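Data first, discussion second: the structure below is written as structure tokens.
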Amino acid sequence: MAFSLRKTSDRGTVGLDIDGRYLAAAQVSGGRVTRAVSQGLPEGLVRDGEVSDPQTLGQHLKSFAAATGMPRNVRLGVANQQIVVRVVELPRIEDEKQRDAAVRFQASEAIAMPLDEAVLDHQVAAFTTGADGTPRMQVVLVAARRKMIETLLEAVKAAGLKADGIDLDAFALVRALAAPEGDEPDETARVYCHLAGVSNLAVAVGPNCYFTRPLSAIWDEEDAGSRLADEVRLSIDYYMTQPQAKPVAEVVVSGPGSANGDLVQSLESHLGIPVKVPAPLGALDGSSLAPTEDPHRYTVAAGLALGAAA
């Protein structure tokens, strides 16, 4: 099963965002989006970020790939309630096999799902020093329901595509929009809100994501600003209970919903902290996008592609 948060160097891989409302694919090379294509998706094929009809979705993916000439290899993203992200602190372990064993042992206590039903991975986010002077490390642990991953892969296989890896939408989002490593202070955290068919929230310090959750508020409904603010506030409160938490300095809004200036203003008013709308593709050059394309559709897809090319 393809599931990895680790860096790869698969040349020609594209990031494919299977959003609840559209498909978006982006290929990135040399700091530039070299190709980007999107297509609307019928309602009901993806519900709350989970594939509900893999065979029909596979047909749409197949026609999308054929019509756009998209490469066969794709890197996918997921964002739904079947994903758990936890931060655990362990003694610093250099040996990869020993570290994997220690993380898996810790996962049995930190993850509220049977490990035989989950796909696990982890990233070392930071190295620290304990109160007694011993070297420690902060590890971001990710678990996803195996059935959810298998259903997604079933749709991709039905389309004749090959999944080179599966990432978290939250990681892709941070990867696309965070400042280059070293250019961003690590004393504060940033909340990322991606408002699309599948809306998602991530909390990150620099390039490292420490918390994520899907958002239930529909961004294009009445009084969305207030309801989104409530969800963001609850997420910040939960994040701040973690030992490694940093104060949140700002909220970054992306996705099609970020083009709604009234919504962004309402969100900032209700939260009482700065809300920023960055360039949809971050620091990437998006000049190759057709004038008819909405660049806000490609933030997650570009971040997925960056994960494959890093």
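Only the coordinates and a few stated rules stand behind these numbers; no lab work does. Bear in mind that the values here come from a model prediction, so they are computed numbers and not experimental data. Heads up, the Cβs are rebuilt from the backbone with ideal geometry, glycines too, and the neighbour counts pull from every protein chain shown.
See the values below:
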quantity: Under 28 Å from the Cα of Lys246 - lysines, other chains or at least 8 residues apart; calculated: Lys7, Lys276
quantity: Cα-projected label distance for Glu222 with Asp186, points at 7 Å along beta-carbon direction, nm; calculated: 4.8
quantity: Centroid-to-centroid separation of the stretch 222-267 and the stretch 76-91 [C-alpha atoms, Å]; calculated: 19
quantity: Which label in (i) 40.7; (ii) 15.7; (iii) 14.9 gives the computed mean projected area of the Cα convex hull in nm²; calculated: (ii)
quantity: Those lysines that a straight Cα-Cα span of less than 18 Å connects to Lys157, excepting residues fewer than 8 apart in one chain; calculated: Lys62, Lys147
quantity: Charge-dipole axis of the chain as Lys and Arg at +1 and Asp and Glu at -1 on Cβ define it, positive-most pick from Thr188, Phe64, Ser266; calculated: Phe64
quantity: Percent antiparallel among DSSP beta bridges (both partners in the chain, rounded to 5); calculated: 70
quantity: Fluctuation leader among Asp95, Asp262, Asp169 - the chain, Gaussian network, Cα springs under 10 angstrom; calculated: Asp95
quantity: Simple Cβ-charge dipole of the chain, Lys/Arg +1 and Asp/Glu -1, about Cα centre, in debye nearest 20; calculated: 920
quantity: Estimated FRET transfer efficiency when R0 is 30 angstrom, pair Lys147-Phe105 (beta carbons, to 0.05); calculated: 0.80
quantity: Mean Cα-pair separation over length for the chain, i.e. relative contact order, pairs under 8 Å, 6 or more apart, %; calculated: 26
quantity: Extension reserve of the Ala179-Gln39 stretch, reckoned as 0.36 nm per residue once the Cα distance is removed; calculated: 47.5 nm
quantity: Global geometry of the stretch 83-145, whether rounded, prolate or oblate, following the gyration tensor of its Cα atoms and the 1.5 cut on a/c; calculated: prolate
quantity: GNM flexibility winner over the chain from Thr13, Thr292, Thr56 (Cα, springs under 10 Å); calculated: Thr292
quantity: Calculated [θ] (222 nm, deg cm²/dmol) that DSSP helices of n ≥ 4 give over the chain, each run adding -39,500 (n - 2.57); calculated: -9000 deg cm²/dmol
